[in-house]
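Quick notes on the structure that follows.
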Amino acid sequence: MFIGEYEHSLDEKGRVAVPAKFRKELSGGSIVTRGLDRCLFMFTRAEWDALAKKLVALPLAQANSRAFVRLMLAGAADADLDDQGRVLIPEYLRRYGALKRQVIVAGLYSRVELWDAALWGRYKAKAESASEEIAEKLGELGI
């Protein structure tokens, strides 16, 4: 389980440190891919395999399904931890996520999200200001 919010620096080679409490779960390998809202998603291999099976089962005839599958699968890259607990983020994914120097590593239970710190700040402020409306919508879903 991944939880918490951490700020790390992206080095000149495109590597970012993974929080120590996430490393054990990711030590068997991980996948990083394009996420939603301009962030990157990072999954354990087991979570990725389960998601990939669901994605390839989506209806091929639906344009939205094809687009989402392409976004997630074609954008995926291995993201194995190095000896210092860092992962290399490929250039095309750094560009997609607009990652600059400061990166937020956010644990979201079954995945990790990587955000440019400025984008995360704006996203979080917007979500926090709409928290009552969001709570009402979730209430309609039974949460």
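The values are calculated or read from the model by the stated rules, or taken from the named source; none is laboratory data. Worth saying up front: this structure is predicted, and the values here are computed from it rather than measured. Here Cβ is always computed from backbone atoms with ideal geometry, including for glycine, and neighbour counts include all displayed protein chains. We work out accessible area using only protein heavy atoms, side chains counted, and drop any ligands, DNA or RNA first. Shrake-Rupley method; radii C 1.70, N 1.55, O 1.52, S 1.80 Å.
With respect to the conditions (1) touching a residue at least 60 places away in the same chain (Cβ under 8 Å); (2) farther than 27 Å from ALA127 by Cβ; (3) open to solvent by 60 Å² or more (accessible area, probe 1.4 Å), ALA74 falls short on a single one, namely (1). Here ALA77 meets each of (1) farther than 17 Å from THR44 by Cβ; (2) in contact with a Leu (Cβ under 7 Å, 6 or more places away or on another chain); (3) not basic (Lys, Arg) with one exception, condition (1).
Name the strands (runs of 3 or more DSSP E) wholly inside segment 86-143 in which the number of residues that are of a type in the set (Asp, Glu) and at pLDDT 95 or above is 1 or more. Let's see the steps before the verdict.
Details: elements: 86-88, 102-109, 112-116.
Fully inside segment 86-143 and qualifying: 112-116.
Could you please give the count of residues in segment 14-62 that are aromatic (Phe, Trp, Tyr) and either open to solvent by 80 Å² or more (accessible area, probe 1.4 Å) or in contact with a Gly (Cβ under 8 Å, 6 or more places away or on another chain) (or both)?
We begin by selecting, within segment 14-62, every residue aromatic (Phe, Trp, Tyr); these are 22, 41, 43, 48.
With either open to solvent by 80 Å² or more (accessible area, probe 1.4 Å) or in contact with a Gly (Cβ under 8 Å, 6 or more places away or on another chain) (or both) added as a condition, the list becomes 22, 41.
Count: 2.
So that you can scan it fast, the table gives a plain yes or no per residue for (1) surrounded by fewer than 19 Cβ atoms within 10 Å (Cβ to Cβ); (2) closer than 13 Å to ARG38 by Cβ:
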{"position": "ASN64", "(1), (2)": "yes, no"}
{"position": "ALA79", "(1), (2)": "no, no"}
{"position": "GLN84", "(1), (2)": "yes, no"}
{"position": "TYR96", "(1), (2)": "yes, yes"}
{"position": "GLN102", "(1), (2)": "yes, no"}
{"position": "ALA118", "(1), (2)": "yes, yes"}
{"position": "GLU128", "(1), (2)": "yes, no"}
{"position": "GLU136", "(1), (2)": "yes, no"}
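Here the condition is being open to solvent by 50 Å² or more (accessible area, probe 1.4 Å) and under 12 Å from the mean Cα position of the chain (by Cα); of TYR109, TYR92, it holds for TYR109 alone.
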